[in-house]
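The values are calculated or read from the model by the stated rules, or taken from the named source; none is laboratory data. Worth saying up front: this structure is predicted, and the values here are computed from it rather than measured. Ideal geometry is used to build each Cβ from the backbone, glycine not excepted, and the neighbour counts take in all protein chains shown. With ligands, DNA and RNA removed, areas are computed over all heavy atoms of the protein, side chains included. Shrake-Rupley method; radii C 1.70, N 1.55, O 1.52, S 1.80 Å.
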Amino acid sequence: RILVRATNWLGDAIMRLPALEALRAAHPAAHIAVAGLPWVEDLYGGQGFCDEVIVLPAGTAGRLRVAWGLWGRFDRVLLLRNAFGAAAFGWEP
């Protein structure tokens, strides 16, 4: 089970598609979930590499609550954002 914390902007999300396709190719049997803001949901949901899209709420506090709720559900986390809030998705207490 792999969680990907997507970028926040649609243009950046499009630029990450090849990386996510390569992730699927490297892990064909894995469950791959992408966590991102609502405007990237349709982009990632329509791709063959994605098994699940987790829509994040607006605001840092809401995103942190989602991150905390996901702890322990995934074996690996890939962060496509360089931000403290994104790092919370890969950190476990």
- Query: If you take the residues in the stretch 9-30 that are open to solvent by 50 Å² or more (accessible area, probe 1.4 Å) and either of a type outside the set (A, V, I, L, M, F, W, C) or assigned to a strand (DSSP E or B) (or both), which one is farthest from ASP75 (Cα to Cα)?
  - Reply: ASP12
- Determine whether GLY62 is on the phi > 0 side of the Ramachandran plot, at pLDDT 80 or above and loosely packed, with under 15 Cβ neighbours inside 10 Å. no
- Can you tell me which residues in the stretch 43-66 are in a helix (DSSP H, G or I) and in contact with a strand residue (DSSP E or B) (Cβ under 8 Å, 6 or more places away or on another chain)? TYR44, GLY45, VAL66
